[in-house]
Amino acid sequence: MVNDKRKVVLVGTGMVGMSYAYALLNQNACDELVLIDLNKKRAEGEAMDLNHGLAFSGANMKISSGEYVDCKDADIVAVCAGVAQQPGETRLALLKRNAKVFRSIVDPVTASGFDGIFLVATNPVDIMTRITYMLSGFNPKKVLGTGTALDTARLRYLLGEYLRVDPRNVHAYVMGEHGDSEFVPWSQAQVATKSILELCAENPEIDREQLKCIEQDVQEAAYKIIEAKNATYYGIGMAMARITRAILGDENSVLTVSAMLKGEYGQTDVFAGVPCIINKNGVQRVLKLSLSQEEAGRLGESCQVLRDCFQELSREEQDDC
Ligand code: NAD
């Protein structure tokens, strides 16, 4: 910890940012929370609103709106700022605009003397995490994205419902891109210590095809929520609060964050969602699961999607120079 107070600075007080802030408050997850947004008035209003809830919470948090200099002694800077897709705008054009937004954020954060951990949620999260790493020049252990943490929570919830087991006793992960190429390595999925594939083989009531449907439901969850209510924010806010608690509590918890791969699973030159040990150092290490050959291939394909996207962005930016 940078100081004896657990301090978080949140950049981007939109729906995701404020769901995160609200979860932090309800879980008493930090001692000090500073809110920053391009729209200063909004950040001020959000700080007031949260402060008025303090009397009803078990937390004794100091909450304020602030400036980038406040990052100096923060343990975590969480970035949920971003611009929304314009009608007709391509994914690459949106990415270029968000890369610009990140430059206007990461530079002043690092200029403040910040030496903590960056936690990124802005989409496409794996690419934005890599951009944060490049702009900050930080040790990659200290730059992580929410990756497939939320997708993994969705998977465990759906498997828990199907198998009628508490999701906390379901151990299964979504890996790769937080997006269309993500996948579930079923060979590594377990209920307690029992393999789910073995459960399938032994129990005719558990249908292998249904597992595929659950994987598809996880991949499509965000689309369905956005269709119904235009955005997703509570789940990701809670996922961010979970990652924050793992960092501030030095928990050594396993969470599927977007981390830099340096040869793990045969992958380099990419940030992708993989199970990692998370503690006060950020990504303490990437866990190397015993993926089947087919699963390792799927992870490779997903990482290639991310590398191609990043290279496309880099080429576009060079052309603009
Ligand atoms: P939002 O539009 O409600 O909020 C974005 C906020 O960013 C706004 O308050 C805006 O003023 C602020 N902002 C824009 N440019 C800024 C800048 N240069 N400096 C500071 N603040 C700036 O959007 P949202 O619904 O909160 O979503 C935020 C991001 O989170 C999006 O990229 C979204 O796709 C992403 N998201 C990620 C996940 C995930 O699993 N990682 C899930 C849901 C949403």
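The values are calculated or read from the model by the stated rules, or taken from the named source; none is laboratory data. Computed from a prediction, not measured in an experiment: that's the story for all the values here. Cβ: placed from backbone, ideal geometry, glycine included. Neighbour counts: every protein chain shown. All accessible areas refer to the heavy atoms of the entire protein, side chains included, with ligands and DNA or RNA removed. Shrake-Rupley method; radii C 1.70, N 1.55, O 1.52, S 1.80 Å.
Could you compute the FRET efficiency for Glu198 and Lys5, with r as their C-beta to C-beta distance and R0 at 41 Å, rounded to 0.05?
The calculated FRET efficiency here is 0.30.
Rg and Dmax of region 1-82 over Cα atoms: what are they, in angstrom?
11.4, 31
Can you compute 3J(HN,Hα) from phi for each residue in region 101-115, using the Karplus curve 6.51 cos²θ - 1.76 cosθ + 1.60 with θ = phi - 60°, rounded to whole Hz and x for Gly and Pro?
4, 5, 4, 6, 9, 5, 4, x, 5, 5, 5, 6, x, 3, 9
Considering only Ser104, Ser253, Ser136, give the residue with the highest GNM mean-square fluctuation for the chain, with springs between Cα atoms whenever their separation is below 10 Å.
Ser104
Please work out how much length the chain gains when fully extended from Gln85 to Lys212, using 0.36 nm per residue of separation minus the C-alpha to C-alpha distance, in nm with one decimal.
Here the answer is 42.7 nm.
Let me make sure I get this right: for region 186-321, a, b and c are the square roots of the gyration tensor eigenvalues over alpha carbons, sorted descending. Under 1.5 in a/c it's rounded, otherwise prolate if a/b > b/c, else oblate. Which is it?
rounded
Order these peptides, 266-273, 121-128, by their mean beta-carbon neighbour count within 10 angstrom, highest first.
121-128, 266-273
Counting helices only, and only those DSSP H runs with n ≥ 4, report the 222 nm mean residue ellipticity of the chain as the sum of -39,500 (n - 2.57) divided by its residues, in deg cm²/dmol to the nearest 500.
Estimated from H runs of four or more residues: -15000 deg cm²/dmol.
Of all accessible surface on the chain at a 1.4 Å probe, what whole percent is carbon and sulfur?
Exposed carbon and sulfur together represent 50 percent of the surface.
Of all alpha-carbon pairs in the chain, indicate the percentage at a distance above 23 angstrom.
57 percent
What whole-number value in Å² describes the accessible area per residue of region 93-222 for a 1.4 Å probe?
Dividing the accessible area of region 93-222 by its residue count gives 42 Å².
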